[in-house]
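Bear in mind that the values in this text are calculations on the coordinates, not laboratory data. For clarity, every value in this text was computed on a predicted model and none was experimentally measured. Cβ placement follows ideal geometry from the backbone for every residue including glycine, while neighbour counts extend to all protein chains displayed.
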Amino acid sequence: MPYVFILPNMAIFGTFIIYPALRGFWISFQESSDGRNFKYVGTANFKAILTDPTIASVARNTATYVISYVIISTVLALTLSIIVNQQTFLKGMYRAILFLPVMLSPVVVGLIWNQVLDRKVGPLNQLLQALGGGSPGWLVEPKLGMIAVIFVGVWVHIGFYSIILLAGLQGIDKSVLEAAAMDGATRWQSTRLIILPLLKPTTLIIVILSTIHGFQSFDFIYTLTGGGPLGATTLIVQYIYDRAFQTPIQYGLGSAAGVILFLIIFAFTALNFLVGRKKEAV
């Protein structure tokens with residue numbers, strides 16, 4: 001009977017996740033421009049990706065984005081969750097405000113921030129001008145473009161990570177903190193010596209999730225910058241999209257890049273997990 005109950009979910013999961021993944025792996029060894037006629041080419045698609053002159057910049061952009069995104073998201077989520085957990089008034093409202101961006105469509109998020117960061121009519125630059133500042137080209141200058149997508153990426157997901165950490169904070173026995181306070185520990189000492197060590201398992205989850213989200217970022221970036229300016233915000237997922245769905249269509253090349261992305265995410269996730277478990281054991 002338990003298998004009967006999980007059968008509908010497994011059928012959906014197999015149809016829309018497992019089968020496409022296996023077929024994508026098969027297509028990575030094929031060559032096709034229409035999705036119907038395939039020709040076996042072996043590892044030629046993987047060799048083509050490694051010799052692509054644009055892959056170096058894509059890898060550099062992806063590494064810059066993921067590292068910055070993971071570090072900022074983890075630190076900021078920890079800070080916000082601790083602050084919200086210490087509130088005694090309107091705590092529910094603070095949680096709702098934090099989680100609100102998560103509920104927005106990533107495409108809509110990109111469109112909203114595209115307007116906010118517009119160089120000429122964007123509210124941010126208008127505010128900077130009113131304060132005597134300049135008009136930075138957030139979406140037209142390569143370095144500022146990367147800063148913009150990192151900021152928006154963190155803004156979108158920070159509420160999700162904060163809520164998870166907040167749940168971890170509420171699982172900490174309050175008597176431990178009360179005992180520390182009675183022994184004369186300051187709030188900073190309690191946070192550094194008690195709260196953060198006890199939150200390590202939850203923080204590890206945040207690091208793993210943010211790493212996966214970082215590598216998979218595409219939708220809001222595509223509507224925000226389109227991968228520009230000058231390819232400065234083109235990440236690995238957009239590279240896959242461009243190869244598979246933009247002229248010239250190369251389904252095999254796009255699938256091969258997808259397989260490489262899967263291996264990268266799997267490797268980083270396993271590394272984070274193993275390092276985290278090793279530190280817990282110590």
Taking 0.36 nm per residue of separation and subtracting the Cα-Cα distance, what length does fully extending Thr54 through Phe5 add? 12.9 nm
Normalised radius of gyration for the stretch 149-249, please: alpha carbon Rg relative to 2.2 N^0.38 Å, two decimal places. 1.60
Residue-by-residue Karplus 3J(HN,Hα) for the stretch 44-55, coefficients 6.51, -1.76, 1.60, Hz, glycine and proline x: 4, 5, 5, 5, 5, 5, 5, 9, 5, x, 8, 5
So how far, in whole Å, is the C-alpha centre of the stretch 156-190 from the one of the stretch 237-255? 46 Å
Could you work out how far helix 200-216 tilts from the main Cα principal axis of the chain, as a 0 to 90 degree angle to the nearest 10? 30 degrees
Using the per-residue mean of other Cβ atoms lying within 10 Å as a proxy for protection, in what order, highest first, do the peptides 234-246, 71-83 fall? 234-246, 71-83
Over the stretch 94-218, what relative contact order in percent results from Cα pairs under 8 Å that are six or more residues apart? 23 percent
Förster radius 22 Å - calculated FRET efficiency between Arg192 and Thr88 (Cβ-Cβ, nearest 0.05): 0.50
Give me the compactness ratio for the chain, meaning the Cα radius of gyration over 2.2 N^0.38 Å. 1.20
So if we plug the beta-carbon distance of Ala185 and Ser33 into 1/(1 + (r/R0)^6) with R0 = 51 Å, what FRET efficiency do we get, rounded to 0.05? 0.15
Round to the nearest 10 and give me the degree value, 0 to 90, for the angle of helix 236-245's Cα axis relative to the longest principal axis of the chain. 30 degrees
Paired Rg and Dmax values of the stretch 1-147, which use every Cα atom, in angstrom: 23.3, 69
With +1 on each Lys and Arg Cβ and -1 on each Asp and Glu Cβ, and nothing else charged, work out how big the dipole of the stretch 83-214 is about its Cα centre, in Debye to the nearest 20. 100 debye
Cα-only Debye scattering, the stretch 66-220: base-10 log of I(q)/I(0) at q = 0.10, 0.14, 0.17 Å⁻¹: -0.46, -0.80, -1.02
Restricting to DSSP H runs of at least four residues, report the calculated mean residue ellipticity at 222 nm for the chain, -39500 (n - 2.57) per run over all residues, nearest 500 deg cm²/dmol. -22000 deg cm²/dmol
About its Cα centre, what dipole magnitude does the chain give when the only charges are +1 on Lys and Arg Cβ and -1 on Asp and Glu Cβ, stated in debye to the nearest 20? 240 debye
Sequence-separation-based contact order of the chain, relative, with Cα cut under 8 Å and 6+ spacing, percent: 29 percent
Rounding to the nearest 10 and keeping the result within 0 to 90°, find how far the Cα-based axis of helix 142-170 lies from the longest principal axis of the chain. 50 degrees
Once R0 is set to 25 Å, what does the formula 1/(1 + (r/R0)^6) return for the Cβ-Cβ distance between Ala96 and Val75, expressed as a FRET efficiency to the nearest 0.05? 0.65
